[in-house]
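The values are calculated or read from the model by the stated rules, or taken from the named source; none is laboratory data. Because the structure is a prediction, the values reported are computed rather than measured. For neighbour counting, all protein chains shown are included, and Cβ atoms are generated from backbone atoms with ideal geometry for every residue, glycine included.
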């Protein structure tokens, strides 16, 4: 999916109250984004809160404008202010703009850009990067699984590794109820997701638990299956039967996939975690440029116990 950088201006400053009203506002924005397949990645905000630069994954600039109109965000204007950037270089583009001195596009606003980029992006469930630490409890409220306790993993990557160590042997995964789902999922341009082994019972339960991933991702290599990551999946209808906001698991916001889709299943939320193989495009990116389907054949199911 393309990645976009959007510049917005707030003449009176971006002001979201740090209370239940502000939390509800941001959750509404996130839910509206998800309906159009738009996912906010991160943002930069100026010290005076009058200018933001937001990075989105979205099917098109029109989708970003659509949700902006629905939520009352300032218009993104011309396509230049919602320019398409390859996913792997979006963050570099934001940094490069600090050094831009020419007259091409947003680089003409050099002084203000430098002011904006001095601060670090902060997590916010929707509009921009704000100091809303109270949203930690809001994010956890969107997760039905158990809360972390002392001695347990405190981030999603560590949790995924702890939960799937035994599944590095693909036969152990099969014995635990995971089965082959279609073939090997290649990327639209480069890389792949790999072979999915899915536990249908977990997919259909409407819940998310970091210690019980719905799908395991394997890369076929030299006739063997190497565990490279996991995918957390929940059907959208089942999730929203009990939760008004899109799912967030240990701080990570899920991606919405509408229906019809390439998998032939109802609309769902998903999150990839490349816990066992580094992804140059990001730990939670959908496709991994370092993963390949070239060696896949339907009978590539022999056990593998390490990398």
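Inspect segment 286-305 for any residue being within 17 Å of residue 207 (Cβ to Cβ), surrounded by fewer than 16 Cβ atoms within 10 Å (Cβ to Cβ) and either touching a helix residue (DSSP H, G or I) at 6+ places or on another chain (Cβ under 9 Å) or not assigned by TED's automatic domain parsing to the domain that holds residue 182 (or both) and give the result as yes or no.
So far as segment 286-305 goes, no, none of its residues is within 17 Å of residue 207 (Cβ to Cβ), surrounded by fewer than 16 Cβ atoms within 10 Å (Cβ to Cβ) and either touching a helix residue (DSSP H, G or I) at 6+ places or on another chain (Cβ under 9 Å) or not assigned by TED's automatic domain parsing to the domain that holds residue 182 (or both).
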*Regarding residue 222, is this residue more than 27 Å from residue 27 (Cα to Cα) and in the same structural domain as residue 174 (by TED's automatic domain parsing)?*
yes
_Which condition from (1) crowded, with 17+ Cβ neighbours inside 10 Å; (2) touching a strand residue (DSSP E or B) at 6+ places or on another chain (Cβ under 8 Å) is the one that residue 179 breaks?_
(1)
*Inspect segment 183-192 for any residue being more than 20 Å from the chain's Cα centre (by Cα), surrounded by fewer than 14 Cβ atoms within 10 Å (Cβ to Cβ) and either in the same structural domain as residue 269 (by TED's automatic domain parsing) or not in a loop (DSSP other than H, G, I, E, B) (or both) and give the result as yes or no.*
yes
*asked:* Kindly evaluate residue 256 against the criterion of being in a strand (DSSP E or B), touching a helix residue (DSSP H, G or I) at 6+ places or on another chain (Cβ under 9 Å) and surrounded by fewer than 24 Cβ atoms within 10 Å (Cβ to Cβ).
replied: yes
*asked:* Please determine whether any residue of segment 161-169 is in a loop (DSSP other than H, G, I, E, B), in contact with a helix residue (DSSP H, G or I) (Cβ under 7 Å, 6 or more places away or on another chain) and in contact (Cβ under 8 Å) with a residue 40 or more places away in the chain.
replied: no
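Does residue 280 count as touching a residue at least 12 places away in the same chain (Cβ under 8 Å), within 16 Å of the chain's Cα centre (by Cα), assigned to a loop (DSSP other than H, G, I, E, B) and closer than 24 Å to residue 152 by Cβ?
No: the conditions fail for residue 280.
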_When you check residue 248 against the structure, is it within 23 Å of residue 182 (Cα to Cα) and in contact with a helix residue (DSSP H, G or I) (Cβ under 6 Å, 6 or more places away or on another chain), yes or no?_
no
_Any residue at all in segment 238-245 that's in contact with a helix residue (DSSP H, G or I) (Cβ under 8 Å, 6 or more places away or on another chain), closer than 18 Å to residue 36 by Cβ, in contact (Cβ under 8 Å) with a residue 24 or more places away in the chain and surrounded by 20 or more Cβ atoms within 10 Å (Cβ to Cβ)?_
yes
